[in-house]
Amino acid sequence: MLLNYILKRLLQLIPLLIAVSILIFIIIQLPPGDYLTTYIIQLETSGLEVNQSEIINLTKQYGLDKPMYQQYLYWMKNIITKLDFGRSFQWNQTVLSLLQQRLPATISISLLSLVVTWAIAIPVGIVSATHQYSGFDYFFQFFGFIGMSCPAFLLALASVFILFKLTGQSLTGLNSAAFVNAPMSWAKFVDMLPRLLLVIFIIAISQTAGMIRSMRAMLLDELQKQYVITARAKGVKEKKLLWKYPIRMAINPQVSTIGWVLPGLIGGEMIVSTVLSLPTMGPLVKRALTNQDMYLAGSYLLIVSVLTVIGTLISDILLAIVDPRIKFGGVSE
Amino acid sequence: MSDKKKKSNANIDTVDSSSSYEVASQYKLMWWKFKKHKAAMIAVPVLIIMYLICMCCEFFAPALPLERYKDYKDTAPTRIHLWDDDGNFVGPFVYGLERYTDPYTFRKSYVESDQIIKLGFFVRGSEYGVFGSNLKWDVHFFGVKLPEGEEPGGHNVFFLMGTDSLGRDVFSRILSGGRISLSFCLVSVAFTVIIGLTLGGLSGYLGGVVDTIVQRAIDLIMSIPGIPMWMALAAALPSTMSNLKKYFLMSLIMSLIGWTGLARVTRGKLLSLREEDFVIAARMCGSSHMRVIFKHMLPSFLSYIIVSVTGSIPGTILGETTLSFLGLGLQAPTVSWGTLLQDCQTVDSMAATPWLMFPALFIIVSVLCFCFMGDGLRDAADPYK
Amino acid sequence: MKRPSEDVILAMEDVKVHFDMDEGLLKAVDGVDFVIKKGRTLGIVGESGCGKSVTTNAIFKILPKYGLISGNIWLYEKDGKELEEPINIAELNPTGDVIRSIRGGNISMIFQEPMKAFSPVHTIGNQIMETIMLHVEPDKKKAREICVEALRAVGISNPEQRVDEYPHQLSGGMRQRAMIAMALASKPSILIADEPTTALDVTIQAQVLDLINNLKHENNTSVIFITHDLGVIAEMSDDVAVMYLGKIVESCDVDTLFYNPQHPYTRALLKSIPTADKQHKGRFESIRGTVPYAMNLPVQCGFCDRCDEAIKGVCDKGYPPNVEIEPGHFVRCFKFADKGTEGK
């Protein structure tokens, strides 16, 4: 039954993904002109000779003279059949090779932030709710509000600034200058670790704040429920009761938050890595967007959207597993 | 008998007044509940003051946002004194500034001179058009008291939060930026309400094909991460576009992505209300569709709409400042809190001129206030809980 | 505290439950006395908000943190044996070992809404076995057998299969039967039923009431039955206590209550029962006004504002005494202040 459900959901994803890819293609085509026109203008302003044959060559190669829908079909066909995402004009490399260089770091940072978000938010939410109005609770409520009202870029700026004042070191980038071009080694990893932790913490903080609030509210709600009193009336120990009933009930819906936490983290990663100029997709895509390097920008958008869709699917499946009330295919009540 | 009746009436009166909780109107209950949220009760006046000041920013700011004090670049915030060096009370004043070059590092900075510049309220300053009109006025809420006949922009200067690298008063720019940033979120939320209510309402009320289309559209938008999508759409705005146009288009972009939440709430509420007994009763009494919607359904989910809308304001402010900071949204010379923060993108600039980070404080305070207000409204929306 | 007589299992002595709230002190239960006798059913009846449920929750010590309990709740028997030293439940630590061994073991509870009283994400069997493993049989396998038997005893068909089902898979009546099975699985000496049939269909109500009665006779269990329905009281109880505004205003055996009610409130309640009597035409009798909110009340009989027989200058000037007008028949009303011996 579970397998059937997963298969059904996967089939439903196909039209959604097609629609997503079309929408993304339209968005990246929105700016007037294309990369070639920008490129020509750049060459002209710098006083260089524009090589007409090269232009014609590039136009042909990418079908830029064809109608839009043909360009789209061509792009999609190459992605599906050859994993060829197109070419980045700006970097003069295939998008795939750029993705290979930078996407793993982006995804690992996002996923690690997800882990950190949960690892902090769920225990803190539980303690806040079970010790409502305690000092701990007030502290984290305050923290929650600050975390939610401080934009990620500001948090990145502020923490870099404060660390600079304290240690005299500028913690931008993933490695200090000495290690940037060095091959991966233990020393490089040690050098990277504090920076990595800083980045993950900054990205996770706003999502964590939101999640603590939702976990706390959810658990407070569950603690009032009749079944908690029933269990207490049975003589179950308070701690066991807490874990078996209300906490489990409050954690269940958190599972389904991957669908909105993940996109938030991906967006946060993009902003924070742009501010801290990390060697991840963030700064690359920002430049690609401003310079109309459409295949690079489009491919990134496509990949993170697919990741989001898969994340939502996974959380739906997890929720169906942990909550027996959800019949595969819909909520029964 | 009549005596007894009187007595019972009197008793009913006392019952009513003692259990007023049970007979108070919904809005009264909401207000009571909202009043209990202390943070929200502080946040609302703070927001009102912020909006008022930013709305009349030319009056409240001592200088104009684009006015350059060429001799005072990168000056630190001026200290306000009340007593002079000899301990005599003078009233609020600042010392004049003298340029000082460090003999070893050649770094330029400013030191206080002996010159006393008095500060005052409702002082004469640079001329501005009232609310952008042609009506000129030169009175500012506070600033330096210029000696008779002296033009503003000279050496009688006072910078509450310092100046930037072009010699512009940061505080004045923050107020002016607040006008953009604080109004931006309202414009964007207005677009969101229009789109979200219409589509959510149609989807919930009509059902059928319309519902399916709107639901699929929501799925589609929700599956693309918001921030990259904002950035992509913002980057698509041509750089030649006028600032006003850009301002409205940016807020439209925000709401194009943000309407889904409101549409979902509206649809869900409409669907559940459609089945409620009081709505069915109203329909059976022969009320028209319009009457059912506006008289019976709207009041019962209005509070949820307000909560949902208020809840989306902080995200909009954060989004706008983030995009502007990254140079993808509103761009200089438009002043917004995000564009102001562009000046401190590197550690070096932050270390040299930390006062350029002041706009951040305003972002945090305003978002915090909207969060508190949203929280209070959320509590109030369900007064019977 | 000496045991009043051999068959008394539990005695409430001037039990008060006050809630210390922001708005003031809410006196939910304000001096309640009664005894629970072996094998008998005490019905507690009253309008909503009169403190019925709070009274029984006090026996369990499952009150919110701001609930203050005073007075004595003496438990004389535990696990079928007479205690040398009776336990005062009112003084027990609400999360301690003693009260937890009493809860679910010696005293069990059936709740009003079976849908909400079960955790939706655990199987029925899991939740019933929890009680059994705590109080009867720690071995999981044997507990399961007991659980299946308990489900069979309450008339659930195919209990071997039902045991692994979730609450939402059962019908309302079934869930209440499962609830009863859970309450009785540990063979408690006292069963508290808090409006167990209110949320059920009328036809199922009768079945569930019969079931509770049968099981009570089989196991010689004492029952505290809480309801606002006098018809149910007539069917279920041996003794009745009428509660109003946190106090018991009249207590007697069930026949006296229906044939010789004395307190104006009891009589008003009885009058408001619809009857099939042809001569009874016109509107239903109803009690005027509503139960006052039990906070910052003046020193007067709680019912005097709604009472047709209230005596001006007396009823609104102090608390009425509790008077035993006949043996075992207590009334708390000024009308009877000098017509019997003052009881507790």
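The values are calculated or read from the model by the stated rules, or taken from the named source; none is laboratory data. Please read these numbers as outputs of a predicted model, since none were measured by experiment. Methodologically, a virtual Cβ is constructed for each residue, glycine included, from the backbone with ideal geometry; neighbour enumeration extends over all protein chains shown. All accessible areas refer to the heavy atoms of the entire protein, side chains included, with ligands and DNA or RNA removed. Shrake-Rupley method; radii C 1.70, N 1.55, O 1.52, S 1.80 Å.
Here are some notes:
- Selection among C:179, B:340, A:217 by position relative to the dipole of the protein assembly as shown gives C:179 as farthest towards the positive end (Cβ unit charges, Cα centre).
- In this view, the solvent-accessible surface of residue C:62, computed with a 1.4 Å probe and all protein chains in place, comes to about 20 Å².
- Förster-model FRET efficiency, 56 Å R0, residue B:212 and residue B:101, C-beta, rounded to 0.05: 0.20
- Chain C, accessible area per residue, ligands and nucleic acids excluded (1.4 Å, Å²): 46 Å²
- For chain A, size of Cβ-based charge dipole, Lys and Arg +1, Asp and Glu -1, in debye: 1320 debye
- Burial of accessible area (probe 1.4 Å, heavy atoms of protein chains only) in the stretch A:110-149, relative to its chain alone, reaches at least 50 Å² for A:145, A:149.
- Label-point separation, residue B:290 to residue B:306 (7 Å along Cα→Cβ), nm: 2.5 nm
- The alpha carbon centroids of the stretch A:164-200 and the stretch B:301-353 are separated by 29 Å.
- For the Cα trace of the stretch A:55-100, dividing Rg by the Kirkwood Rh returns an Rg/Rh value of 0.98.
- FRET efficiency for the residue C:93 to residue A:221 pair, using the beta carbon distance and R₀ = 30 Å, is estimated at 0.65.
- List of the stretch A:1-48 residues, accessible area with partners at least 40 Å² below that of the chain alone (1.4 Å probe): A:16, A:23, A:27
- Cα gyration tensor shape for chain B, rounded if a/c is under 1.5, else prolate or oblate: oblate
- Choice from C:63, C:151, C:42 showing the highest fluctuation, given a GNM over chain C with Cα pairs closer than 10 Å: C:63
- Proximal lysines to residue C:27, defined as alpha-carbon separation beneath 16 angstrom and excluding residues fewer than eight positions away on the same chain: C:16, C:52, C:65, C:247
- Along the axis of the charge dipole computed for the stretch C:115-187 (Cβ charges of +1 for Lys and Arg, -1 for Asp and Glu, origin at the Cα centre), the listed residues C:153, C:115, C:166 are led at the positive end by C:115.
- Across peptide C:305-317, the mean count of Cβ atoms from other chains lying within 10 Å of each residue's own Cβ comes to 1.
- Contact residues in the stretch B:225-268 by the 50 Å² criterion (accessible area, 1.4 Å probe, full protein complex versus chain alone): B:225, B:227, B:228, B:231, B:232, B:236.
- 0 to 90° range, to nearest 10: angle between helix B:2-18 axis and chain B longest Cα axis: 40 degrees
- Accessible area of the stretch B:78-158 belonging to carbon and sulfur atoms, whole % at 1.4 Å probe: 54 percent
- Fully extended contour minus Cα-Cα distance, from residue B:275 to residue B:52, at 0.36 nm per residue: 75.9 nm
- Excluding ligands, DNA and RNA and using a 1.4 Å probe, chains B and A jointly bury around 3400 Å² of accessible surface, summed across both partners.
- When chain C is treated as a Gaussian network with alpha carbon springs shorter than 10 Å, the biggest mean-square fluctuation among C:216, C:140, C:312 belongs to C:312.
- Rolling a 1.4 angstrom probe over the stretch C:152-294 with all protein chains present gives an accessible area of which 48% lies on carbon and sulfur atoms.
- When the alpha carbon gyration tensor of chain C is reduced to an equivalent ellipsoid, its three semi-axes come out at 35, 24, 19 angstrom, largest first.
- Projecting the Cα atoms of B:95, B:154, B:32 onto the dipole axis of chain B, where Lys and Arg carry +1 and Asp and Glu carry -1 at the beta carbon, places B:32 farthest toward the positive end.
- For the protein assembly as shown, the normalised intensity computed at q = 0.05, 0.07 Å⁻¹ comes to -0.47, -0.84 (log10 of I(q)/I(0), Debye sum over alpha carbons, equal scatterers, no solvent).
- Modelled FRET efficiency - R0 35 Å, residue A:180 with residue A:238, Cβ distances, 0.05 increments: 0.05
- Prolate/oblate/rounded call for the stretch B:78-158, Cα gyration tensor, a/c under 1.5 rounded: oblate
- D (Stokes-Einstein, µm²/s), Kirkwood Cα radius, the stretch B:173-380, 1.567 mPa s at 4 °C: 69 µm²/s
- For the stretch C:3-19, the Karplus equation 6.51 cos²θ - 1.76 cosθ + 1.60, evaluated at θ = phi - 60°, returns couplings of 6, x, 7, 4, 8, 7, 9, 9, 10, 9, 10, 6, 7, 10, 10, 10, 9 Hz by residue, with Gly and Pro reported as x.
- Hull volume per residue, based on the alpha-carbon atoms of the stretch B:278-348 and their convex hull, is 115 Å³.
- When chains B and C come together, the accessible area they lose, probed at 1.4 Å and totalled over both chains, is close to 600 Å².
- For the chain pair C and A, the buried solvent-accessible surface (1.4 Å probe, both sides summed) amounts to about 2200 Å².
- For the stretch C:115-187, taking Cα atoms only, Rg and Dmax work out to 10.7, 30 Å respectively.
- Accessible area per residue in Å² at 1.4 Å probe, computed on the stretch B:78-158: 69 Å²
- Three-way shape label, chain A, alpha-carbon gyration tensor, a/c 1.5: oblate
- For the stretch B:235-316, the alpha-carbon radius of gyration amounts to 1.55 times the rule-of-thumb value 2.2 N^0.38 Å expected for a compact globular protein.
- Student exercise, chain C dipole from Lys, Arg, Asp, Glu Cβ charges, in Debye to nearest 20: 420 debye
- In summary, the lysines within cross-link reach of residue B:36, defined as a Cα separation below 16 angstrom excluding same-chain residues under 8 places away, comprise B:28, B:385.
- Set of lysines with alpha-carbon distance to residue B:269 below 16 Å, sequence-local pairs under 8 removed: B:295
- Taking the Cα centre of the stretch B:35-172 as origin and assigning +1 to Lys and Arg Cβ atoms and -1 to Asp and Glu Cβ atoms, the resulting dipole is close to 840 debye.
- For the stretch B:173-380, with all protein chains in place and a probe radius of 1.4 Å, 69% of the accessible heavy-atom surface sits on carbon or sulfur.
- Helix B:226-236 and the longest principal axis of the Cα set of chain B meet at an angle near 60°.
- When chain B is treated as a GNM with alpha-carbon contacts under 10 Å, the residue of B:334, B:310, B:346 showing the greatest mean-square fluctuation is B:346.
- Count Lys and Arg as plus one, Asp and Glu as minus one, and take only other residues whose Cβ is under 14 Å from that of residue C:220; the net charge is then 0.
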